[in-house]
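> The structure that follows is given in the form of structure tokens.
The values are calculated or read from the model by the stated rules, or taken from the named source; none is laboratory data. Everything quoted here is computed from the prediction, not taken from an experiment. Here the Cβ positions follow ideal geometry from the backbone for every residue, glycine too, while neighbour counts run over all protein chains shown. The protein model used for the area step is the full one, side chains on, heavy atoms only, and it has no ligands, DNA or RNA in it. Shrake-Rupley method; radii C 1.70, N 1.55, O 1.52, S 1.80 Å.
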Amino acid sequence: MSKEPTEAAYVMSGQFTPDNCALVLIDHQVGTLQFVHTMSPETSLQNAIMLAKAAKAYSMPVVLTTSQEDHPQGPTAPALQEALPEAYESRVKRTGIVNAWADPNFSAAVRGTGRKKLIMAAVTTDICLIFPAISAVQEGFKVLAVLDASGSSFDVQEELARRRMATAGVMLTTTNTAIAELVQDWSTPQGSQLIQLLMASVPKTPGHAG
């Protein structure tokens, strides 16, 4: 007689869980958001905030970084500051280094989480995300890049950045998939909270009464 499958049999190999990964958010600043045109910058920011709320629900480590806040890039989007007050307070303020991983304070903060799996999003795919994502993979981290919490100015920039990251071993995903992978069970307290965020983010069907 065959044995009943154990719960572990349903867990994916290499799965990202609240206990083994950290959230990394890069340069979601009011100025740099203006570079995003391959999707709505408001939607991109909202997805970053959803990731932030998921990380907070599970008390996951979060690393936040910005670049040249006193330049046109501007401050971190206020809604993200509000969602992650502690991470914002301890954010890594870069002086202009493009590849965030090359900033020793940033890469040290990520290593300091003690996690080898990173859920990573950045305001622009083609500049802010591609380089630290690849650099982290080259250092031995597993990186899940969340592409709808990011964007580029033109489709060709987005497409080529995605191709290069995938070729380098970065895993590509979206916000709803990343959150569902963390939750695994919507009946848990965190799952019940986060499913409401996902449902609120679904576009309304034309003519549907909101």
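> Go through (1) in contact with a Cys (Cβ under 9 Å, 6 or more places away or on another chain); (2) open to solvent by less than 30 Å² (accessible area, probe 1.4 Å) for A57 and report which single condition fails.
Going through the list (1) in contact with a Cys (Cβ under 9 Å, 6 or more places away or on another chain); (2) open to solvent by less than 30 Å² (accessible area, probe 1.4 Å), A57 breaks only (1).
> Restricting to the range 119-136, count the residues that are of a type in the set (A, V, I, L, M), under 12 Å from the mean Cα position of the chain (by Cα) and not in a strand (DSSP E or B).
So the count comes out to 3.
> Next question, about the same structure. Give just the number: which of (1) surrounded by 14 or more Cβ atoms within 10 Å (Cβ to Cβ); (2) at pLDDT below 95; (3) not small (G, A, S) does D185 not satisfy?
(1)
> Any idea which of (1) open to solvent by 10 Å² or more (accessible area, probe 1.4 Å); (2) free of Cβ contacts under 8 Å to residues at least 60 places away in the same chain is the one T76 doesn't satisfy?
For T76, the failing item is (1).
> Follow-up question, since we're still on this one. Which condition breaks for I49 when tested against (1) under 15 Å from the mean Cα position of the chain (by Cα); (2) more than 23 Å from G191 (Cβ to Cβ)?
All conditions are met except number (2).
> Answer with yes or no whether D103 is surrounded by 12 or more Cβ atoms within 10 Å (Cβ to Cβ), of a type in the set (D, E, K, R) and over 15 Å from the mean Cα position of the chain (by Cα).
Answer is yes for this residue.
> Continuing with this model, one more query. Within the group Q138, Q81, which residue is within 24 Å of A57 (Cβ to Cβ) and surrounded by fewer than 19 Cβ atoms within 10 Å (Cβ to Cβ)?
Q81 is the lone residue from the list that is within 24 Å of A57 (Cβ to Cβ) and surrounded by fewer than 19 Cβ atoms within 10 Å (Cβ to Cβ).
> Which of the residues that make up the range 15-38 are farther than 30 Å from T188 by Cα and open to solvent by 50 Å² or more (accessible area, probe 1.4 Å)?
Scanning the range 15-38 gives V30, Q34, F35, H37.
> Here is a follow-up. Restrict the check to the range 121-128 and report whether at least one residue is open to solvent by 10 Å² or more (accessible area, probe 1.4 Å), on the phi > 0 side of the Ramachandran plot and of a type outside the set (V, I, T).
no
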